[in-house]
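Here, each number is a calculation from the coordinates, and none is a lab measurement. Note that the coordinates shown come from a computational prediction; the quantities given were computed from them, not determined experimentally. Quick reminder, even Gly has a Cβ in these numbers, built from the backbone with ideal geometry, and neighbours come from all protein chains shown.
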Amino acid sequence: MILKTKSVEISDEALGCQIVFSDTEPQFDNDDEKYILIQRFFDDDIDEAENYCYIESHEKNIGGHYEKLEATLKRDYLELKLKKRIVKIYFEIEEKQFNELKSVLKIILYDVGKIELD
């Protein structure tokens with residue numbers, strides 16, 4: 001799957017992190033919107049065995065909980081290896097937001113996957 005985005009929203013809160021890549025301004029109730037949401041929550045009540053990253057998308061067959069992920073982040077795209085699929089997400093963002101994206105991806109994938117950074 002290839003997604004060319006117009007919007008990248010990054011959230012880093014005390015209870016978790018989230019990144020939303022969207023071909024429009026994120027709406028989630030628009031049937032025509034193409035998006036990928038990547039998130040990870042931190043809860044003291046969750047066992048380490050339940051450590052995972054959650055992915056949601058307009059393509060239902062790639063959504064779900066992932067205990068292992070591989071990602072490659074370059075200056076203009078993110079590539080995710082999800083089980084037997086590769087998802088490539090293209091974006092155009094300022095350097096400050098790119099650095100924030102890099103930082104939050106490290107947090108999301110910590111102990112869940114590996115990331116190759118540009």
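If amide hydrogens are placed 1.01 Å from N in the peptide plane, which non-local residues have theirs closer than 5 Å to the one on Ser7?
For Ser7, the qualifying residues are Ser22, Thr24.
Using modelled amide H (1.01 Å from N, peptide plane; none on Pro or chain starts), what sits under 5 Å from the amide H of Gly16, excluding residues fewer than 5 places away?
For Gly16, the qualifying residues are Phe42.
Report ³J(HN,Hα) in whole Hz for each residue of the range 2-13, in order, from the Karplus equation J = 6.51 cos²θ - 1.76 cosθ + 1.60 where θ = phi - 60°; Gly and Pro get x.
10, 10, 9, 9, 10, 9, 10, 10, 10, 10, 10, 10
Multiply the residue gap between Glu67 and Tyr54 by 0.36 nm, knock off their C-alpha separation, and tell me the result in nm, one decimal place.
3.8 nm
Could you grab the relative contact order for the range 2-117? Cα pairs under 8 Å, six or more apart, rounded to a whole percent.
For the range 2-117, the relative contact order is 25 percent.
Just list whichever of Lys4/Lys84; Lys4/Lys34; Lys6/Lys106; Lys60/Lys83; Lys4/Lys88; Lys6/Lys84 have alpha carbons separated by over 18 Å in the model shown.
Flagged as over cut-off: Lys4/Lys84; Lys6/Lys106; Lys6/Lys84.
If you rank His65, His58 by fewest surrounding Cβ atoms within 10 Å, what's the result?
So the ranking, lowest neighbour count to highest, is His65, His58.
State the Cα centre-to-centre distance between the range 65-118 and the range 4-23 in whole Å.
11 Å
Which shape class, rounded, prolate or oblate, goes with the range 2-117 when its Cα gyration tensor gives a ≥ b ≥ c as root eigenvalues, a/c under 1.5 marks rounded, and past that a/b bigger than b/c marks prolate?
Verdict is rounded for the range 2-117.
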